[in-house]
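Shown next, in structure tokens, is the structure this report addresses.
The values are calculated or read from the model by the stated rules, or taken from the named source; none is laboratory data. Small disclaimer: the values here were computed from a predicted structure and weren't measured. Note: ideal-geometry Cβ built from the backbone for every residue, glycine included; neighbour counts use all protein chains shown. For accessibility, only protein heavy atoms count, side chains too; no ligands or nucleic acids. Shrake-Rupley method; radii C 1.70, N 1.55, O 1.52, S 1.80 Å.
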Amino acid sequence: MKHAFVAAILLTVPLETALAGDLHGKVTSKGMADNANAVVYVAAVPGKSFPIPTASAQIDQRNMKFQPHVLPVLVGTTVEFLNSDTVSHNVFTPDACAGKFNLGTWAPGSSKKPHTFTKECAATLLCLIHPEMEAFVVVVPTPYFAATTADGAYKIAGVPDGSYTVKVWHPKLKTIQKAVTVNGPTEVDLELSK
Amino acid sequence: MSANAPRSLAPWMAVPIVLSIGVGPASAVPVFSRKYQTSCMTCHAVFPKLNPFGEAFRLNGYRLPAQTEDQIKEKPVSLGADAYKRLWPKMVYPSDLPGGAPFALNMKMAMLYASSLGDTGKQIVHNDFQLPQEVNLFTAGTLGERFGFFGEVTFSERPDGGSDVELEHAQLHIDSPFGPENLVHFRIGKFAPNLYDGFQEMWIMTDNGIDTLFNYNPIGFAGGTGLSDGGGGVGLPARVRGIEMYGVAKHRLFYTVGVDNTIGPGGPNGTFGNNSKKDVYARADWKFGGMGLDGDTSGAPLTAENWREKSLRVGLLAYTGDGTAIDFDVMDPAGAPFKMQDVRYSRVGGFASWYFKDLNVFGVLLHGSDRLQLLDKENLSLIGETKRDFNAWFAQADYVIRPPFQASLRYEHLRVGDRSVPSIKALNANFTFLARANIKAMLEYHRDLRDSQIYTLATVLRFAL
């Protein structure tokens, strides 16, 4: 019985990965202090559209910083802005693709302020009260995206096998794109520069 | 003794006086060591002398050539997110502050053995422990992408126990505000002009500056007789209050033009005149071989040793001004007092610096002319006008025996404006031991070649933190 269960797992796993692999690898951000905050995403999946997510994403303001610094979301996602800090904060964006919104200023612990991002965009978020604060909501057209960690690692799960254009966005470096064929677990390393 | 004898002796005696009380050159700025977490030796052959990379760093507005974010280890404090650039002028343009306190100290101790001639021609020997001689407080750094700053206050102790405070530098830089990177920079404030790049005291390895260029007093009843000992003018002002534009083009062409206050009688903070005229200066250099003046390394074979290269840099420089209404006190040979104005002065010269492996030979040839008006001491009526010329030159050879052991030899020659006075000829020899990258000991001998009894022997300890 035990052997039969193990065999079932061994048969099932390769079958699943062949249908929808994961895209993973490392992004090197040349000249940057670390390799974090790059957003890797599949630019389009031909013939497929994606429903608007029902769950909201969140950006908090804590210790006078937006957290996270970079948030990738699918088009149509609503992002809730929180203030978990000890001081008041504001959120606005100068970017037209995000509607140049200004959510106003609100006190610590007040209710969340939502905004729905309806277009592809790399929206810069700023706080009028604290000009050094900056964050980015990167609105992408597919749900296959990931932000890199400090060592540049990323992993996008559930990407269907196929050929795609993968794009990489970074707050300070040039956006690049690369043709990638996903076939099960696929490793792709990328490099960004100014 | 001839009637000219007292005048002739004056400059001879002034040399050791200047050496014994003069404030030495500025030094390394460890602010940048902290910012980039790198050794002093990255930029200095032996502080404060810059190596080719350090020169590029300085000319780039205290930024590394092709600087990247990860090279800055001491993260700056943001004064505004980058996105605010797009919001200008609705919002304040973003900038940043140095992440750490942008201050550094240099301390200098000196044991000075000086021999000079007294009024009667008798030798006077003085052995003085100047422990300390001076402390320099520096501040330096960048303010965002386009601004930088540099300041230095020197606290010095006189041999008699008194003390002086001098604001040597206080300047704001505007770096590449337009055009290609490094083509145009501006500086405003008090600074050592780039007119003297490579030979002003803050850029040479010896303890003594080049007095025959910067301390020559062209004011005198019959023209300048020697070095300034306070109250006189100078051939070139070591530091100016002004505005300067400078930059590097095509990696190899360096230029600077500036406008500054006129030269006036020396004071504790410099030699500035108080008329409403302004002096102007300009210099242009070309560097053959070696690292580009902006740090460019394309096409140049680089050695593993960063103080070495094979290069030749040559340049032309000029300085001119109008000292009308700036009065200097002079006396005729009989001791009668007059006033004098240097109503038109001009300096033109050439600079050359040759690097060959461990050797760097450099020098300046300078011709100066002064149109001097002699005035009545009481009513300032014009008595007469003369034009006096002087010629000064020096050649210095610096040699890196091994990085901790370096030596320098300099010859200086000054043909003064008053032709009845002998030319000044001086020799300066230095041996430097770099105990650590930021601690050095120097043995320096300065000799007036006209008289074997006029010399100084200094043991100097200097460190930067």
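Which residue out of B:L366, B:L449, B:L434, B:L375 is open to solvent by less than 20 Å² (accessible area, probe 1.4 Å) and under 28 Å from B:N127 (Cβ atoms)? Explain how you work it out, then say what you get.
On the way: B:L366 fails: under 28 Å from B:N127 (Cβ atoms); B:L449 fails: open to solvent by less than 20 Å² (accessible area, probe 1.4 Å); B:L375 fails: under 28 Å from B:N127 (Cβ atoms).
Only one candidate passes the filter, namely B:L434.
Considering the range B:281-299, and only residues there that are farther than 24 Å from B:Q67 by Cα and touching a residue at least 60 places away in the same chain (Cβ under 8 Å), the residue that is farthest from the chain's Cα centre (by Cα) turns out to be B:D285. Checked against (1) in a loop (DSSP other than H, G, I, E, B); (2) in contact (Cβ under 8 Å) with a residue 12 or more places away in the chain; (3) within 14 Å of chain B (Cβ to nearest Cβ), A:A33 meets all criteria but (2).
Within the range B:319-362, the set of residues being over 21 Å from B:T212 (Cα atoms) and within 20 Å of the chain's Cα centre (by Cα) comprises B:W354 only.
Hand me the list of strands (runs of 3 or more DSSP E) wholly inside the range A:95-151 holding 2 or more residues that are touching a residue at least 12 places away in the same chain (Cβ under 8 Å) and more than 14 Å from chain B (Cβ to nearest Cβ). First the steps, then the outcome.
Numbers: elements: A:102-106, A:113-116, A:121-126, A:134-140, A:145-147.
So the answer is A:102-106, A:113-116, A:134-140, A:145-147.
Condition test on A:D189, is it away from chain B (no Cβ under 14 Å) and open to solvent by 50 Å² or more (accessible area, probe 1.4 Å)? So A:D189 passes the test.
Considering only the range B:274-324, how many residues are crowded, with 21+ Cβ neighbours inside 10 Å, within 17 Å of B:I263 (Cβ to Cβ) and aliphatic (A, V, I, L, M)? Number satisfying all stated conditions: 1.
Number of residues in the range A:39-71 that are within 17 Å of the chain's Cα centre (by Cα) and within 14 Å of chain B (Cβ to nearest Cβ) equals 3. Just give me the residues in the range B:170-195 being under 11 Å from the mean Cα position of the chain (by Cα) and within 22 Å of B:L137 (Cα to Cα), in sequence order. Hits for the range B:170-195 are B:F191, B:A192, B:P193, B:N194.
Screening B:A45, B:A5 for residues that are under 30 Å from B:T225 (Cα atoms) and either modelled with pLDDT under 90 or in contact with a Phe, Trp or Tyr (Cβ under 9 Å, 6 or more places away or on another chain) (or both) leaves exactly one candidate, B:A5.
Hey, could you check the range A:73-94 for residues that are open to solvent by less than 20 Å² (accessible area, probe 1.4 Å) and closer than 25 Å to A:F50 by Cβ and say which is nearest to the other protein chains (Cβ to nearest Cβ)? Taking the candidates together, the pick is A:T93.
Suppose we filter the range A:95-116 for residues that are aliphatic (A, V, I, L, M) and exposed (fewer than 15 other Cβ atoms within 10 Å of the Cβ); how many remain?
From the range A:95-116, those aliphatic (A, V, I, L, M) are A:96, A:98, A:103, A:107; that's our starting set.
Now drop any that are not exposed (fewer than 15 other Cβ atoms within 10 Å of the Cβ), which leaves A:96, A:107.
Residues in the range A:95-116 being aliphatic (A, V, I, L, M) and exposed (fewer than 15 other Cβ atoms within 10 Å of the Cβ): 2 in total.
Candidates are the residues of the range B:34-83 that are open to solvent by less than 20 Å² (accessible area, probe 1.4 Å) and under 17 Å from A:G31 (Cβ atoms); the one that is farthest from the other protein chains (Cβ to nearest Cβ) is B:N60. Taking the range B:84-100 as the range and being free of Cβ contacts under 8 Å to residues at least 40 places away in the same chain, more than 8 Å from chain A (Cβ to nearest Cβ) and not in a loop (DSSP other than H, G, I, E, B) as the test, only B:K85 passes. Applying a threshold of 6 Å to beta carbon distances and a minimum spacing of six or more residues, or different chains, the list of pairs starting in the range B:378-392 at a residue that is of a type in the set (G, A, S) and ending at one that is open to solvent by less than 90 Å² (accessible area, probe 1.4 Å) reads B:G384/B:L374; B:A392/B:T212; B:A392/B:L213; B:A392/B:L366; B:A392/B:L414. For the range B:128-135, does any single residue satisfy the condition of being more than 21 Å from B:M202 (Cα to Cα), surrounded by 14 or more Cβ atoms within 10 Å (Cβ to Cβ) and in contact with a helix residue (DSSP H, G or I) (Cβ under 9 Å, 6 or more places away or on another chain)? There is at least one residue in the range B:128-135 that is more than 21 Å from B:M202 (Cα to Cα), surrounded by 14 or more Cβ atoms within 10 Å (Cβ to Cβ) and in contact with a helix residue (DSSP H, G or I) (Cβ under 9 Å, 6 or more places away or on another chain).
Whether any residue in the range B:109-123 is crowded, with 20+ Cβ neighbours inside 10 Å and more than 24 Å from B:I454 (Cβ to Cβ) is what I want to check. Show your work before the answer.
Applying the first criterion (crowded, with 20+ Cβ neighbours inside 10 Å) to the range B:109-123 yields B:110, B:112, B:114, B:116.
Okay, now just the ones that are also more than 24 Å from B:I454 (Cβ to Cβ), so none.
The answer is no; no qualifying residue exists.
The residue list A:A44, A:A38, A:A55, A:A33 contains one member that is under 25 Å from A:T165 (Cα atoms), of a type in the set (A, V, I, L, M, F, W, C) and open to solvent by 40 Å² or more (accessible area, probe 1.4 Å), which is A:A44.
Rundown of residues vs (1) of a type in the set (A, V, I, L, M); (2) closer than 21 Å to B:W354 by Cα; (3) in a strand (DSSP E or B), yes/no style:
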{"residue": "B:A282", "(1), (2), (3)": "yes, no, yes"}
{"residue": "B:P301", "(1), (2), (3)": "no, yes, no"}
{"residue": "B:E305", "(1), (2), (3)": "no, yes, no"}
{"residue": "B:K310", "(1), (2), (3)": "no, yes, yes"}
{"residue": "B:V314", "(1), (2), (3)": "yes, yes, yes"}
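Filtering the range B:210-250 to residues that are surrounded by fewer than 23 Cβ atoms within 10 Å (Cβ to Cβ), within 18 Å of B:T271 (Cα to Cα) and not acidic (D, E) leaves B:F214, B:G230, B:G231, B:A238, B:R241, B:G242, B:I243.
Considering B:G264, B:G315, B:G270, which residue is at pLDDT below 95 and within 30 Å of B:A45 (Cα to Cα)?
Working: B:G264 fails: within 30 Å of B:A45 (Cα to Cα); B:G315 fails: at pLDDT below 95.
So the residue among B:G264, B:G315, B:G270 that is at pLDDT below 95 and within 30 Å of B:A45 (Cα to Cα) is B:G270.
Condition check: modelled with pLDDT of 95 or more, of a type in the set (D, E, K, R) and not in a strand (DSSP E or B). Does B:D451 satisfy that? Taking the combined requirement at face value, the residue does not satisfy it.
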